[in-house]
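Quick one: this structure, given as structure tokens, is what I'll be asking you about.
Bear in mind these aren't lab numbers, they're just calculated from the coordinates by the rules spelled out. Quantities reported herein were computed from a predicted structural model and do not represent experimental measurements. When we count neighbours, we look across all protein chains shown, and the Cβ atoms used for this are built from the backbone with ideal geometry, even at glycine.
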Amino acid sequence: MPFGRVGKVFPATGLSQELPKRPSLRLLHTSDWHLGKRFFGRSLLSDHEYVLDQMINLVRDLNPDVLVVAGDVFHQRRSDEGSRALFHDTLNRLLALGTTLVFLAGPSDDFKSLHLDARWVRDAGIYLFDDATQVLSPLTLRGARDDFDVSVWCLPYPQGEAGSETEHPALRGHSLVEKVVQRLNPADINLFLGYAWTQDCGKKAELGSLVAPGGQPLEKRLLEFFDVAALGGRHEPLVLPGSTACCYSGSLLCFDPDLDDSGRSVTLYDIREKTNIVVDHYPLHPRRSLRVLEGSWEELMEQGRQVRSDDLIVLRSEEADLTPEQRADLRILGPNVVSVEFPSPFELEASEEEDDLPPVVRAFRRFAKAINGTELSDESVQLLLEVDEEP
């Protein structure tokens with residue numbers, strides 16, 4: 001069953017475009033596959049297979065010239081056998097459709113372990129970018145139906161230079177893109193594919209060391225020199241403000257309970273000419289959703305009993321002082337409960353009598369109550385105060 005059809009209006013975006021009859025290059029943008037990811041210890045291999053099937057159906061329906069994965073193809077540099085097998089199977093199916101493939105390495109990718117460095121790889125239409133300096137030499141891509149060329153500048157995760165461990169990845173990436181801008185031919189159609197933290201994308205945890213102290217986001221003024229910017233590293237899809245052709249495609253699956261589980265999609269850039277680029281977003285429908293249930297013990301038990309789907313469930317209790325039996329009841333509530341979370345004792349609201357206590361003593365007192373279910377005695381608190389005052 002095809003998951004995307006030309007000319008159909010998709011509720012996620014409200015966009016509707018017909019494939020052009022004029023010369024063009026079509027690029028399908030994905031990122032953050034994270035093959036091999038386990039969610040609270042549970043394998044997501046079957047979930048990845050399900051959504052990759054949909055993506056391949058889209059490639060078959062839309063017939064893009066190029067498919068790009070903008071970083072984090074795998075979840076770990078030492079990928080497991082199952083995720084490698086799924087990657088190679090997906091690769092072969094895409095090549096059979098005649099699609100050129102571009103992969104950018106994220107911090108979790110080690111392309112050398114995939115044994116794709118033989119000469120046939122480039123001849124087959126597979127391009128791997130794992131060195132940030134490769135962005136300085138553009139890749140020229142051509143539509144399969146014409147001689148319509150575009151210049152593609154590819155920035156994988158910007159690892160620090162050898163012997164320069166102090167250089168921040170984001171600073172190195174920023175410096176390289178500045179050099180690219182100086183080399184651009186304004187008359188060409190220029191595409192930027194990058195694993196990058198940019199202005200207005202937010203300091204998302206999944207961007208890792210790119211947002212660590214000492215870095216700076218890629219400035220929007222630099223992205224404005226490109227006709228298209230297809231970005232990776234952020235798990236939620238996002239169109240950067242002010243430019244419909246500057247997008248994070250987001251991950252294929254939702255991995256974080258605190259992220260919106262809706263809106264999984266891939267992005268199609270239909271590049272007809274420099275001043276005529278159409279962007280459309282095609283939804284993906286994961287096999288299972290990630291649901292978060294919150295409330296008291298009674299509310300969670302009631303909600304959990306009413307769940308009738310295969311969705312993965314995270315339970316968040318509003319009560320920290322549940323008995324061991326109540327905690328066990330939540331953990332065995334259903335086969336798809338993957339995590340049970342309780343309020344941290346360090347986040348509990350301070351009582352009036354704690355106002356004058358040093359932070360370390362206050363935190364230890366809350367921790368002891370959360371573990372033992374009883375308050376520390378006055379003698380124990382006094383002992384902690386004496387220890388805290390010692391040099």
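Determine the gain in length on full extension of the stretch Trp120-Asp258; use 0.36 nm per residue of separation and subtract their C-alpha separation, reporting nm with one decimal. Intermediate values should be presented prior to the final figure.
Values: separation 138, 0.36 × 138 = 49.68 nm, distance 4.25 nm.
Answer, rounded to one decimal: 45.4 nm.
Residue by residue through the range 207-224, what is 3J(HN,Hα) from phi via Karplus (6.51 cos²θ - 1.76 cosθ + 1.60, θ = phi - 60°)? Round to whole Hz and write x for glycine and proline.
6, x, 5, 5, 10, 5, x, x, x, 8, x, 5, 6, 5, 4, 6, 5, 5
Something else about it: Compute the FRET efficiency between Arg60 and Asp149 as 1/(1 + (r/R0)^6), taking r as their Cβ-Cβ distance and R0 = 25 Å, and round to the nearest 0.05.
Details: r = 25 Å, r/R0 = 1.00.
It comes out at approximately 0.50.
Could you tell me which of the pairs Lys37/Lys204; Lys37/Lys220; Lys179/Lys220 are separated by over 23 angstrom between their Cα atoms in the structure shown? Walk me through the numbers before you get to the answer.
On the way: Lys37/Lys204 18 Å; Lys37/Lys220 31 Å; Lys179/Lys220 15 Å.
Distance filter (> 23 Å) returns Lys37/Lys220.
When 1/r is averaged over all different Cα pairs and the result inverted, which Kirkwood radius in Å belongs to the range 18-107?
Values: mean 1/r = 0.0716 Å⁻¹.
Here the Kirkwood hydrodynamic radius works out to 14.0 Å.
Label Arg316 and Glu49 with points 7 Å out from Cα along Cα→Cβ: what is the distance between them in nm?
Result: 3.3 nm between the two label points.
Counting other Cβ atoms within 10 Å of each Cβ, which trypsin sites (Lys or Arg not before Pro) in the range 166-257 have at most 16 and sit in a DSSP loop?
Details: sites: Arg172, Lys179, Arg183, Lys203, Lys204, Lys220, Arg221, Arg234; in loops: Lys203, Lys204, Arg234.
Within the range 166-257, the qualifying trypsin sites (Lys or Arg not before Pro) (loop, at most 16 other Cβ atoms within 10 Å) are Lys203.
For Asp200 and Glu219, compute 0.36 nm times the residue count separating them, minus their Cα-Cα distance, and round to one decimal in nm. Mind dumping the intermediate values first?
Working: separation 19, 0.36 × 19 = 6.84 nm, distance 0.93 nm.
Full extension from Asp200 to Glu219 adds 5.9 nm.
A further question on this structure: For the range 285-346, what class follows from the C-alpha gyration tensor (a ≥ b ≥ c being the square roots of its eigenvalues): rounded when a/c is under 1.5, otherwise prolate if a/b is larger than b/c, else oblate? If you can, show how the numbers build up before the last one.
Details: a/c = 2.25, a/b = 1.72, b/c = 1.31.
Cα axes put the range 285-346 in the prolate bin.
Ratio of Rg to Rh for the range 25-283, alpha carbon only, Kirkwood? Show your work: numbers first, answer last.
Numbers: Rg = 17.0 Å, Rh = 18.3 Å.
Result for the range 25-283 is an Rg/Rh of 0.93.
According to a simple spin-label model (label point 7 Å from Cα along Cα-to-Cβ), what is the distance in nm between Arg38 and Asp130?
Between Asp130 and Arg38, the label points sit 2.4 nm apart.
In the range 290-325, which residues have a backbone nitrogen under 15 Å from the label point lying 7 Å from Ile332's Cα in the Cα-to-Cβ direction?
Hits in the range 290-325 for Ile332 at 15 Å: 324-325.
Take the alpha carbon gyration tensor of the range 157-238, find the square roots of its eigenvalues, order them as a ≥ b ≥ c, and report rounded if a/c is under 1.5; if not, report prolate when a/b exceeds b/c, else oblate. Walk me through the numbers before you get to the answer.
On the way: a/c = 2.24, a/b = 1.28, b/c = 1.75.
Because a/c hits 1.5 or more and a/b fails to exceed b/c, the range 157-238 counts as oblate.
Going through the range 67-102, which trypsin sites (Lys or Arg not before Pro) have at most 15 other Cβ atoms within 10 Å and a DSSP loop state? Provide the component values of the computation, followed by the final result.
Working: sites: Arg77, Arg78, Arg84, Arg93; in loops: Arg77, Arg78.
Sparse-neighbourhood loop trypsin sites (Lys or Arg not before Pro): Arg77, Arg78.
So how far apart, in nm, are the two label points at Leu171 and His285 if each is 7 Å from Cα heading toward Cβ?
The two pseudo-label positions are separated by 4.9 nm.
Rounded to the nearest 0.05, what FRET efficiency do Glu294 and Lys112 give with R0 = 35 Å and r taken as the Cβ-Cβ distance? Could you check?
Working: r = 44 Å, r/R0 = 1.26.
FRET efficiency, Glu294 to Lys112: 0.20.
Considering the zone a paramagnetic label at Thr275 would reach in this model (a point 7 Å from Cα along the Cα-to-Cβ line), which residues of the range 171-187 have amide N under 15 Å from it?
Residues 187 qualify, since their backbone N sits under 15 Å from the label point.
Rounded to the nearest 0.05, what FRET efficiency is calculated for Leu184 and Glu379 with R0 set to 56 Å and r the Cβ-Cβ distance?
The formula returns an efficiency of 0.20 here.
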